1. What about Q290, is it part of a helix (DSSP H, G or I), closer than 22 Å to L83 by Cα and out of contact with any helix residue (DSSP H, G or I) (no Cβ under 7 Å at 6 or more places or on another chain)?
2. Name the single residue that is farthest from I332 (Cα to Cα) among those in segment 51-84 being among the charged types (D, E, K, R) and touching a Leu at 6+ places or on another chain (Cβ under 8 Å).
3. Restricting to segment 237-249, what's the tally of residues that are closer than 27 Å to Q293 by Cα and in contact with a Lys or Arg (Cβ under 8 Å, 6 or more places away or on another chain)?
4. Filter segment 577-587 down to the residues that are in a helix (DSSP H, G or I) and open to solvent by 50 Å² or more (accessible area, probe 1.4 Å) and list them by number.
5. Inside segment 215-271, can you point out the residues that are over 18 Å from V323 (Cα atoms), in a helix (DSSP H, G or I), of a type in the set (S, T, N, Q) and free of Cβ contacts under 8 Å to residues at least 24 places away in the same chain?
6. Tell me, please, whether a residue that is within 20 Å of M321 (Cα to Cα), open to solvent by less than 20 Å² (accessible area, probe 1.4 Å) and touching a residue at least 24 places away in the same chain (Cβ under 8 Å) can be found in segment 50-65.
7. Among (1) within 25 Å of K439 (Cα to Cα); (2) surrounded by 19 or more Cβ atoms within 10 Å (Cβ to Cβ); (3) in contact with a Phe, Trp or Tyr (Cβ under 9 Å, 6 or more places away or on another chain), where does L522 come up short?
8. Hey, does segment 188-209 have a residue that's among the hydrophobic types (A, V, I, L, M, F, W, C) and out of contact with any helix residue (DSSP H, G or I) (no Cβ under 9 Å at 6 or more places or on another chain)?
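The values are calculated or read from the model by the stated rules, or taken from the named source; none is laboratory data. This is a predicted model, so every value here is computed, not measured. Cβ sites come from the backbone with ideal geometry, for glycine too, and all protein chains shown count toward neighbours. We work out accessible area using only protein heavy atoms, side chains counted, and drop any ligands, DNA or RNA first. Shrake-Rupley method; radii C 1.70, N 1.55, O 1.52, S 1.80 Å.
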Amino acid sequence: MSVSNETSLEPPILATNRSNSNTLGNDSADGKLNNTEMILKDKIEANPLDILGYIDLIRHYESTDQFEKGQEVYNKLHERFPLYSPLWVIQLKGNLLRDEFVYVEKLLAQCLSGSDIINNDLSLWMTYLDYVRRKNNLITGGQEARSIIIQAFDMVMNKCAIFEPHSSPFWNDYLTFLEAWKPMNKWEEQQKVDMIRRLYKKMLVIPFDNLETMWNKYIKWEQEINNLTARKFIGELSADYMKARSLYQEWSNLTTGLRRVSPVNINTCNKNNIPQIDQFTTDSDKKSSQSEQIQLWSRWIEWEKENKLTLSEENLNERLMYVYQQSIQYMIFTPEVWYNYVMYIPETDLMKRIRILNISIQANPSSPTLVFKLTECYELENNVEQIKKCYESAIDFLLKQNRLLQLIQNQAHDSDHIGNTDLVDVMSNKNSHLNKIKKQLTFIYCIYMNTMKRLSGLSAARAVFSKCRKLKNQLTHHIYIENAYLEFQNQNDHKTACKVLELGLKYFQNDGEYIIKYMDFLILINKDAQVKQLFETSLDKVEDNDHVKQIFKRMIGYESKFGNLNNVYALEKRFLSKYPNENLIELFTDRYRIQNENYIKRLELTYLYDLDKEKLKLLGSLTNKEGYSESVNKIRKRRRASVDEFEQETDLNKRQNNGPHIPNEIIDVLKVLPKRQYFKNTLLDPKNLIDFLVNQIEIPEH
């Protein structure tokens, strides 16, 4: 069994064990289906943010004609991700295929109306148009049906299409619909011409793909209608068209690489077109890709704010809101994008900010950025209960993830199907995830505690800290340090603060970072005897050598400032006997730091100061060892990639020397295919084919 470096938060195999006990001696098809259903449900319960997990369950229900159960799963998805339009689209398309028009109408009302926070996506509106056109048959409905469909097209145009740079499918459909109209008299003929001309005037001043083709089509159409008036109408639009064309090219260059991919239907849903939660990913390439996408969305938004289309303030705001809504749809698990959207909403509309933040937290329940911003909004309303609820919900989610990872670790350790090497990989990845959860959990608890102190007083903060004490090994040392300073700031109460730090020492006596912070606090309150006692008792307990060195240097610096020179020399002697290879000048200059700055290096030994800066850039701080290891791994990957590239080039050169390596079967097919000269129109668009293969089909890795 091979285990990839990127290990997701996969659920424990609970359903398998449960189903095995229920189906002993029963090999019926129903038993197998129930087993599959339970496994998929357990997967969702373990990771409620895994959209593909829900999709798999829906596929299972639809494959067994249990459509009502599938709709229930869709409803759960919409409750958690109400602004993720592709989910609405695939559900609507599935129901339209089964002619469930009543249910489709209900779904459309849910996602497109009834609130100031609605979905605004072209694919969703196009699905709405499909529904309208199917409900209003032109053959039986005549002029009335045509009027309803045209109204629907106009609404979609004004709501969405005029803002969307990739809106050519809409404009093509609208134009084709009008062109297919066969007027019964001259009045209808003139009405058709006016409508088509009005559509062209609306379309050709907007930057969108396929604009040039539409312009050429418009010129030809005007000339066919009336060659005498064609020059006049074309001339009126020419300047605006040229501006729109250049703006689209500018936008296209600015957003090159922006991923806006959605599944065509439920059967094409896969990890390439459905957002994946990767909060605790260790893959530096994924982080880099996410960062790149955030930058591209930011560029688009900043470009829109320049208002190069010279829109009115109201229209510009609508256009910007559309781009923000698109960004949260495709970056649904990225808190920064949600935060930017919320901050664009005017401060006066506090309720809308709160609603958007609540929706964002459903997709990112443990995001400190979103949770803290929401608590700030509730604080403006003096709603302390909702503030508590925000913090508690985030904490509960993280605790659940923590328990899940520990359970997976235990199962992986006990499994007989995993080799030693793979087990090391699994344990390493899970430990990394657990450490990140612990840090995030501690951080949220720290801010929760400080917030309650500010809002409700010291007793409320102490109540939060008492919960933390029960978690023990599920939190990092930072909660004890934070609480100690909080107690100290409350009327200079250093006694309670010292008791808190002494309590933390029971759990973190081997943690050098905690010892250093404890020493700093004791130095701050001038507890000389306790500083020396902590130093002596910690030297043999701290496991990290780098931290031991820091503790030594902190004590040497303390004695140099507040003690005597003999003690300094004695400490230096002990330090050098333990670490004989340390640089003497480094040790000496560290003694004379002021305000945590080594001015001897900075002012005199500048080459050492510059060297320190280079080391920090390369290695990062001691608290960022994971980042350093990632950098090393990245360098190794590049080296391996270079070797692989060289080998591929060598193989390619060999093949080229031996002539083109094309299988005979392909050559035979090419021989019997008709020549391209026989086809007037393009039957297959290579770009669309490649996009479909890349985004709509998941190619197995093995």
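1. Here the answer is yes, as Q290 does meet what is asked.
2. Residue satisfying both the conditions and the ranking: D56.
3. Total satisfying the criteria: 1.
4. The answer is S577, K578, L584, I585.
5. N216, Q223, N227, T229, S238, S246
6. Checked segment 50-65: no residue is within 20 Å of M321 (Cα to Cα), open to solvent by less than 20 Å² (accessible area, probe 1.4 Å) and touching a residue at least 24 places away in the same chain (Cβ under 8 Å).
7. Of (1) within 25 Å of K439 (Cα to Cα); (2) surrounded by 19 or more Cβ atoms within 10 Å (Cβ to Cβ); (3) in contact with a Phe, Trp or Tyr (Cβ under 9 Å, 6 or more places away or on another chain), only one is false for L522: (3).
8. So far as segment 188-209 goes, no, none of its residues is among the hydrophobic types (A, V, I, L, M, F, W, C) and out of contact with any helix residue (DSSP H, G or I) (no Cβ under 9 Å at 6 or more places or on another chain).
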